[in-house]
Structure formats: C-alpha cells, structure tokens
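A short worksheet on the structure shown next.
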Amino acid sequence: MNEKAIGAAIICSIIITAGFFVLTTNFENGNIEITSSENETLSEVGNITSFDEAVNAFAFNFYNKFYNDPENSGNIFLSPYSIFTALAMTYEGAKNLTAEEMASVLNIEQDNESFHEYMHMLYEQLNENSEYNISTANALWPRVGYQLLQDYINVIETYYGGEVSEVDYSNPEKAAEIINSWVENQTNNLIHNLVPPSTINPFLTMLILTNAIYFKGTWEIQFDEDNTTDRPFTISSGETINVPTMCLTNTQDVFNYTETNEMQILELPYSGGEISMLIFLPREGYDLSNVLEYLDKDTFSDLIESMNQREVDIYLPKFKIETPLYKLKDYLIDLGMPTAFSDNADFSGINGNKDLFISKVLHKAFIEVNEEGTEAAAATAVIMDKRYGGGSSSMVTFDCDHPFLFTIYHKATNTILFMGNVDNPLG
C-alpha cells in the first residue's frame, strides 16, 4: 500500500446511483441523546441501543474483511464513517430484499426517524466551529433530465444536507471533472480523481451521491521535533528497519490508557478534546490479526470505558499513508448485501423504478501523522447504473516499534471517523 499521514483529517464519500413522531435532541456530557415526543427512548424506537454502535459495528466488520484479503498487505487506511454514510444514503432508496440485506450490513432500520435525526445531529456537530477544523458536506448529482423521487430528495436534503446538481454523464470526462473538483474543494485539495472517467458509463450512469468530510487537528500535548530520532521498527515479515520516531517521555502528563492480554491501548487527544486517536498495540506474541479478532463494537466500547489516566512514555513513528483506489464491492457482498449489486436490486425508493443497481464502490484515503498533529482524507464512490433493458501510578511504556492499529475517533458522538494499520512507517 502507498502511504500518507497527521494534523488533519478528511473524509469524502461519493455514491453514483442511479411521520412517525416528533423528536427532541439533547447534548449531555458530550453525547447525543434522542427521544420522541412520547418519551420513547432510542432503544425503543430503533433496532439498536445507539446509532453510533451501528457505525462502529460496520467499521470493525468491514475492516476485518478488508484486512484479511491477502491483496491488502502492508499499510491500510480508510474511513468507515465515509463508507457507512455513502451506503446509508443509498439505503434510503432501497426496497424489499435489497433493503433487508443492506439493513443487516449497516445495522439500522429503514424509515427510522430516530436514525435520520441522529445523522442530522452528527452532520451539524461535525460542522460546528471549534479548536480543530472539521466539516462535512453532501451532494446529489443526477443525470440531466433524470427524475428522482421528491421524498428521496427531501430525506437527503433534510437529514444529510445534500444539494442537487444535474450532470451530463454522456461526457464522462467532463462529468468526472465537475464532481472531482467538488471533492477537492471539500477536502482541502487532498483527494484527487476519486471518480475516474472510466467508471462513468455514458449511457447507464444515472446518479452520483457525494459525501465529504475534512478534519485538521493538533495534538493536545505535542511532540517535540528535537526528540524525534531513528528507532528500530519490526514489520510484519520480521524485518527490522529504522524509522523516525516521535518521543514523549519522562513527563508528568497523563493519558487515557488500558491494556488486555493481547494489546495495549492508548488515547492521544487532539486540541478541543472531542476527537482523539486511539492506538491498539499488540503485545509480544500477538499480531494485528489477534487484535482485530478481539475488537468489535462492544469490546471497543468496553476498552474505552476501562481507560484510566496514567503517566506513559510514548514512542510513535511518524507515518504517511496514501492509498490507491480501493474497490469495495466484493467485501460488501461478503458482508451480506449481494442483491444491491445484482439485476435483482431494488432501489425504487430513489426514482420509483427498479432499474438501478450498484456497479462499483470505490474508496481512496490519505493520512499524515507528525509532531504537530494529524491530516487525513478519505473518499468513497458508490456507482449505480441503470440495468440494460431494464489505574496504577507506575510509568507505562507504549513503544510502537511493530505493526499497530489506530482509529481517529469523535468522542462526542462515539463515532469512528477513520481507521488504519501501520505495517511499515516508511511506506
């Protein structure tokens, strides 16, 4: 895998696709609480306890599939949030078996006003001004003259903030230029050529739905460049290389930390306190496969709850990950949503007809991590075409001198924004 990584983060997703009750929302202790006007709790109106669990469940389920593909060796970086959001907007128009399969993959119910409100609150919160720079945006790009159902447009506009702009797909080069320019603008020029012209069918591509998210943050406690030195790092093949490694040692600073038999877990917060990097470092005798076997939405939450503030000596390599264009279709089929990619797909909730199917799901990502902070970007494209014809006080050492997993995590909403693993900090 290519690399790129730290100080900012961007997610961008693109999809090429062809009256319950009144809700109130409250922010309490950094968390979103959603109830109905009849005082129903979230668990009573949804199919899960909280919607952030749906995003995180998808994150670990998908990452396991992707990581265990032998073709994806080396460094990996992607945005589960971006992929989930892109698929969720597509799912809004799915019907029958297509919807049932997507529901099982995304862990959400369709036509769930509580979920809509959750996505809207998350959208608004990610666009709030704060000590870090973060924003998100969505757009619908239907083919010129192609009619979308107004109900579908209303959902995307109301809950996802999506704007509608027609595009002439009979000219793939020009269409790709328009959409890719929007992506670049929304991601501070970090994601380029997300939609290659070759992925647009001049006759069959009907709709592209885009989502972008950008984040730039500095560490709450920064590393001193003068303390960065070359240190040995053992890659998964067993080879040892020397890599520039940041050090934060012999200080009185404390960090959230926990550990298990399999791994050590450290939280590095960004300024503002709402977003942090969580690093999962395998212990001796274990590797990333063992870590990923252990982690799911429940164990992830349990680990966060078990964290305590500790003095920690930290060694973290600087790294960059710039990925190629990932093709995600086969992984999503394996997770349990094959119908969406078949001639039997039913996305009639988008246009009133059963003639759309997902032809491709594409993803690109970028991250850079250094002494100051993090810069990261990701983009997802779901391409839909029309069918033919139809606790101790003792010092802890946290030495990232071997492959490790990490997430960039929005604490206020308990949502994993980015996820990756470093096999070789040099690329």
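Each value in this text was obtained by applying a stated rule to the coordinates, not by laboratory testing. These numbers were taken from a predicted model, which means no experiment stands behind them. So basically every Cβ, Gly included, is an ideal-geometry build from the backbone, and we count neighbours across all protein chains shown.
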Could you tell me which of Leu140, Val291, Leu190 has its Cα farthest along the dipole of the chain towards the positive end, charges placed at Cβ (Lys, Arg +1; Asp, Glu -1), taken about the Cα centre? Leu140
With just the Cα atoms defining each centre, how far is region 218-233 from region 297-349? Give it in Å. 27 Å
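Quick check on the exposure proxy: order Cys247, Cys400 from fewest to most C-beta atoms within 10 angstrom.
Least crowded to most crowded, the residues run Cys247, Cys400.
Taking the Cα centre of the chain as origin and charging only Cβ (+1 Lys, Arg; -1 Asp, Glu), how large is the dipole, in debye to the nearest 20? Present the calculation step by step, with values, prior to reporting the outcome.
Numbers: 20 positive and 62 negative charges, 289 e Å.
For the chain, the charge dipole is close to 1380 debye.
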For region 284-420, the dipole about the Cα centre with charges only on Cβ (Lys and Arg +1, Asp and Glu -1), to the nearest 20 debye, works out at 860 debye
Name the long-range amide H neighbours of Arg231: under 5 Å, sequence gap of 5 or more, or other chain; modelled H, no Pro or chain starts. Val243, Thr245
Once Asn127 and Asp111 are pulled to full extension, the length gained, defined as 0.36 nm per residue separation minus their Cα-Cα distance, is 3.3 nm
Amide H to amide H under 5 Å from Gln264: which residues, 5+ apart in sequence or cross-chain, H placed 1.01 Å off N in plane? Leu281, Arg283
The answer for the net charge of residues other than Pro197 whose Cβ lies under 14 angstrom from its Cβ, with Lys and Arg +1 and Asp and Glu -1, is -1
What is the packing order of peptides 346-357, 249-260, taking the mean over residues of other C-beta atoms within 10 Å and listing the highest first? 346-357, 249-260
Add +1 for every Lys or Arg and -1 for every Asp or Glu among the other residues with Cβ under 11 Å from the Cβ of Ser276, and state the total. -2
How large is ³J(HN,Hα) for each residue in region 331-336, as worked out from phi by the Karplus curve 6.51 cos²θ - 1.76 cosθ + 1.60 (θ = phi - 60°), to whole Hz, x for Gly and Pro? 5, 5, 4, 4, 6, x
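Stretch Thr234-Thr158 to full length: gain in nm at 0.36 nm per residue minus the Cα-Cα span?
Separation in residues times 0.36 nm, less the Cα-Cα distance, equals 22.5 nm.
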Along Cα→Cβ, 7 Å out, is where each label goes; now give me the distance between the ones at Gln309 and Glu71 in nm to one decimal. 4.8 nm
Determine, for each peptide in 181-194, 228-241, the mean count of other beta carbons within 10 angstrom over its residues, then list the peptides with the highest first. 181-194, 228-241
Give me a comma-separated list of calculated 3J(HN,Hα) values for region 221-231, in order, Karplus coefficients 6.51, -1.76, 1.60 applied at θ = phi - 60°, integers in Hz, x for any Gly or Pro. 10, 7, 7, 8, 4, 5, 8, 7, 9, 6, 9
Please report the net charge: other residues with Cβ closer than 9 Å to the Cβ of Ala381, K and R +1, D and E -1. +2
How high is the FRET efficiency from Asn201 to Asp343, r the C-beta distance, R0 22 Å, rounded to 0.05? 0.90
